[in-house]
Every structure is written in structure tokens, then in C-alpha cells.
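Worksheet: the structure to be examined is printed underneath.
The values are calculated or read from the model by the stated rules, or taken from the named source; none is laboratory data. Fair warning: this is a prediction, and the values are worked out from it, not measured in the lab. Cβ: placed from backbone, ideal geometry, glycine included. Neighbour counts: every protein chain shown. Heads up: the accessible areas ignore ligands, DNA and RNA and are worked out on the full protein's heavy atoms, side chains in. Shrake-Rupley method; radii C 1.70, N 1.55, O 1.52, S 1.80 Å.
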Amino acid sequence: MAPAQSLRPSDKVKNEEDDQDLAALGFLFDAAAAKAWIKHAFPTSPPSSHQSNYRPALKSIEVEVQVIDDEDGPGALQTGQRTWPAAPFMADYLVRHWKRIAGRDGPIHVLELGAGCGLLGLALAQLPPVEHVIMTDHDPGTMVLIREGIARNHARIREGTRCEAALVEWGGEMDACLLPKPGHGKEGGKDKTPVLLIVGSDLIYSVDVVASLFETVSRVLRKRREGFEATVTATATAIVAATGSDKFLLCGSFVLGAVIDRKVEEVVNRLKLQQEIVSLDDEMGNKEMWMHVYTLPPPPPSSSSREQGQTKSLLNQNFANW
């Protein structure tokens, strides 16, 4: 048997060009497909005196999104312009548990990766203390759906919350304007550093997307931390207080398999991200769903034992919410 040969650089470039051509054809197919508006409703948690200022005023969060009309038609399983199972599940989970997850008195900025029709971002845009939601995707057609979704749900979106769509290719440089900066949030008339919540649903469908996805997440989280370090004289405790709650929450409905699981573990370890598995306890009777939280490790603490204790306490509080 002839020895296996590695791809020459020219072959690799050709394969990438072929993939881009196929993606472009898919985008054209999606653009020509008939669309329909679908309404989703997500019940909020029961009223509670605890953190009452975070309780949504509505008994349920409603979102209308535009998707391909025939979600079972040819090509529907290769498009982002449909509602994949993890998106409504994740929206439902976050809305139900929002008081516990929000868990703070400062603003939250949401960055959704692979947003598709924007269902998840449009749901979170209705919850306090979310101030800014950016829904991103690499498909120009989804940008149209998201912008039309923002307009359609305008009356539902929390007053003062900014919603926008942005074209983002994973693995590339993230535009600085997409990153919330220290002191650029307001809550109760005071400037506060917003927490960044990155969310994504059914993003991993192939081993080929794993590295670019987590490289994007790592780059966003690290640029946030670097931006904070550059603007203040920060101790480790101060950095954790400002950015320690930043996280990437990923939900999926696919069984990834051993090959993808190993790739995720390899990439996460290489990027030095911390992973926590969210216990769903057969949430809403759906045993196929899974959810993971990814964060940066804390910065090295100073030699002060007091600061080390404060840093550890803050990190424990951040993870306790999940």
C-alpha cells in the first residue's frame, strides 16, 4: 500500500476555496427559499422577593423569528436559517433561571455566536439587566433575518437595550466595537463594567469548526481582560471582580462523538480555558441536550494572602450561579 501523502499547500488552498464555493451556493439557496414567521414563548420563573429588581414584568418572554418555511425540505439540514433544537431549549432554560444566572446588580452585554435567526439573542434582549445584544453569524442572509427580527420584536425588547447584527467569521479578528469595555455600562445612574455573556446553540456540527469557534471565544474573553488591565491599575482581585463573570455558555442537541469530544478537549486545553458542565437534571424532559460553561482562568494573584482569599471567593461566587 502506498504511503499516505499530506496535502500540499496548493491542495489545502483549493479545498478551502471549494468549501467557500459550497457555502456561497448554500447562501444563495437559503436566500431564494420562502420564509415564515414563527412565535416562541418562554415562561419566566415564579415571582420571588429575592432579587425582585431582576424579575421580568411579563409571565412569559415571546419572540418572533423568521425562518425557512419548509424546515424539512432539501438543504434545510445545512442552513442556519432554521430553528435548531438547542436554541429554543437554551432560551427556555435561561429565561426560567435568569434571576439566578444574572445574579448581580450591574449591566450584562450578550454576544451570540452563530445566531442564525436570532431567537436566543432576541429572548435575552427582554431580560434585565441586559443592556446590549449583538447577534453574529457568517451568513449574510441571516443578517437580514436578524435585523428584520429586531424590528419585528421592537416592542418586546427591554427599553434602552441595544440590539444589532454583525457578520463574524470564526477564527478571524473580532471587531473592537463588538467588545464591551470597562465602565461602559450604566445601572442605577452609575458607571459599571458590564459582564459579557457569550452564548451559542448547536454550533458544533463538525470537527472542522471546533478550533475556530473556541479561538474566537478565547480571543474575545482575553481582549476583554486585556482592555480592563490597560485602563486601570488592577490587582488580581479587581480583574476577577470586573471580568471573572465573563463566560461562554454553549448548548447542544447533537451527540458529538469521541472524535469531536477529543478535539474540543485538546483545543480548550491549548487555549487554557476552564470548562464546567451544567447539570440539567433532565431539564424539561429532554435528555439529549447538554450545556457547558467556558471561562478564562483567574490571573495570578499577588503574594498577599488576603487578596488570594478574595480572588478565590469571587471565583466561587461566579461559578455558584451555574
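HN-Hα J couplings of segment 90-102 from phi, Karplus 6.51/-1.76/1.60, θ = phi - 60°, integer Hz, Gly and Pro as x?
These are the phi-based 3J(HN,Hα) values: 5, 4, 4, 4, 5, 5, 4, 10, 4, 4, 6, 6, 4 Hz.
Modelled label-to-label distance, Ala258 and His97, 7 Å Cα→beta-carbon offset: nm?
If labels sit at Ala258 and His97, their model points lie 3.0 nm apart.
Tell me, in nm to one decimal, what length is gained between Arg156 and Asp70 on full extension, where the rule is 0.36 nm per residue of separation less the Cα-Cα distance?
Additional length available on full extension: 28.3 nm.
Spelling out what I want: for every residue of segment 291-299, take phi, set θ = phi - 60°, compute 6.51 cos²θ - 1.76 cosθ + 1.60 (Karplus), and round to whole Hz; glycine and proline get x.
Coupling constants for segment 291-299: 9, 10, 10, 10, 9, 7, x, x, x Hz.
If I take R0 = 41 Å and measure r between the Cβ atoms of Glu164 and Asp281 in this structure, what FRET efficiency does the formula 1/(1 + (r/R0)^6) give, to the nearest 0.05?
Using R0 = 41 Å, I get an efficiency of 0.70.
From the phi angles alone, apply the Karplus equation (6.51, -1.76, 1.60; θ = phi - 60°) to segment 265-280 and give each ³J(HN,Hα) in whole Hz, x where the residue is Gly or Pro.
Result, rounded to whole Hz: 4, 4, 5, 4, 5, 5, 7, 6, 9, 9, 10, 10, 8, 7, 7, 8.
At 7 Å along Cα-to-Cβ for each site, give me the label-to-label distance between His292 and Lys59 in nm.
Spacing of the two 7 Å Cα→Cβ label points: 3.9 nm.
Taking the full set of protein chains and a 1.4 angstrom probe, give the accessible area of Glu148 in square angstrom, rounded to the nearest 10.
Accessible surface of Glu148 is approximately 80 Å².
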